[in-house]
Amino acid sequence: MKILVINGPNINMVGIREPGIYGKQSFSDLLTMLQQTAKEDQITIDQFQSNHEGAIVDTIQAALGVYDGIVINPAAYTHTSVAILDALKAVSIPAVEVHISDVDARESFRQISYAGKACFATIKGHGLQGYVEAVRLLEKKLSE
Ligand code: DQA
C-alpha cells in the first residue's frame with residue numbers, strides 16, 4: 001500500500017509558527033512519525049510539502065496510478081482552493097483531510113473546507129498525531 005501525505009503552505013514551519021495553536025513538535029518530527037508508522041504497518045508513505053497551490057495540484061495529478069491513498073492538509077488553501085478540490089476529484093484517490101488545529105473552534109473563515117468535499121474523512125485538532133490517525137483510516141478503508 002502506498003500513501004502520499006501532502007502538506008500545504010507553512011506546515012513546514014510547525015514547531016516555530018504559533019506553537020500555542022500548532023504545538024511545539026517540528027515538521028521533521030512529523031516526517032519521523034510518518035516513517036515510523038510506515039515501518040510498523042509495513043506500508044510506503046511518501047510526503048510532499050509546498051507553499052504553492054499549483055505545485056500541490058501537480059502533485060495530486062501525478063499521484064494517479066501511483067498512490068492508493070492521500071492524506072492532505074492543504075493548510076490555508078483548504079479555505080480558498082477550488083483547484084485543489086478539483087484535482088482530488090479528478091484523480092478519485094481515497095483521501096483524508098487533516099488539520100493540526102481544531103479549525104471549527106477558530107475564525108469563521110477557517111470553517112469552510114473545499115478540499116474536504118473530496119475527502120471521505122476529516123481529522124482536526126489532534127495535533128501531528130492526526131496524520132497517523134489519517135493514515136490508519138486510509139489503511140482501514142483500502143483493506144475493506
Ligand atoms: C491548518 C488550519 C488552517 O486554517 C491554517 O491556514 C493552516 C493550518 C491546520 O493544520 O490546523 O495553515 O490547516
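No value in this document is a laboratory result; all are computed from the given coordinates. All figures in this text were calculated on a predicted structure; none of them were measured in a lab. FYI the Cβ positions are ideal-geometry reconstructions off the backbone, even for glycines, and counts take in every protein chain you see.
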- [ ] Could you tell me which of the residues A63, A95, A83 is over 12 Å from the mean Cα position of the chain (by Cα), under 13 Å from I6 (Cα atoms) and away from the ligand (no atom under 11 Å from the Cβ)?
- [x] A63
Task: Of all residues in region 65-105 being without any contact (Cβ under 8 Å) to a residue 60 or more places away in the chain and charged (D, E, K, R), the one that is nearest to A55 (Cα to Cα) - done: D86
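So is A38 of a type outside the set (D, E) and either out of contact with any helix residue (DSSP H, G or I) (no Cβ under 6 Å at 6 or more places or on another chain) or buried (at least 17 other Cβ atoms within 10 Å of the Cβ) (or both) or not?
Numbers: of a type outside the set (D, E): yes; either out of contact with any helix residue (DSSP H, G or I) (no Cβ under 6 Å at 6 or more places or on another chain) or buried (at least 17 other Cβ atoms within 10 Å of the Cβ) (or both): yes.
Considered against the rule, which asks whether it is of a type outside the set (D, E) and either out of contact with any helix residue (DSSP H, G or I) (no Cβ under 6 Å at 6 or more places or on another chain) or buried (at least 17 other Cβ atoms within 10 Å of the Cβ) (or both), A38 comes out as yes.
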Open item on the list: Can you tell me how many residues within region 88-114 are surrounded by 13 or more Cβ atoms within 10 Å (Cβ to Cβ), touching a Leu at 6+ places or on another chain (Cβ under 9 Å) and over 25 Å from G20 (Cβ atoms)?
Closed with: 7
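Residues to consider are G54, G116; find the one that is part of a helix (DSSP H, G or I), more than 14 Å from the chain's Cα centre (by Cα), more than 10 Å from the ligand (Cβ to nearest atom) and in contact (Cβ under 8 Å) with a residue 24 or more places away in the chain. I'd like the intermediate steps shown before the answer.
Details: G116 fails: more than 14 Å from the chain's Cα centre (by Cα).
Sole residue among the options that is part of a helix (DSSP H, G or I), more than 14 Å from the chain's Cα centre (by Cα), more than 10 Å from the ligand (Cβ to nearest atom) and in contact (Cβ under 8 Å) with a residue 24 or more places away in the chain: G54.
For region 23-51, what are the residues that are in a loop (DSSP other than H, G, I, E, B) and of a type in the set (S, T, N, Q)?
Our first condition is that a residue be in a loop (DSSP other than H, G, I, E, B); within region 23-51, this holds for 23-26, 42-43, 50-51.
Those that are in a loop (DSSP other than H, G, I, E, B) and of a type in the set (S, T, N, Q): Q25, S26, Q42, S50, N51.
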- [ ] Provide a single number: the residues in region 47-83 that are touching a helix residue (DSSP H, G or I) at 6+ places or on another chain (Cβ under 8 Å), among the small types (G, A, S) and over 13 Å from P9 (Cβ atoms).
- [x] 3
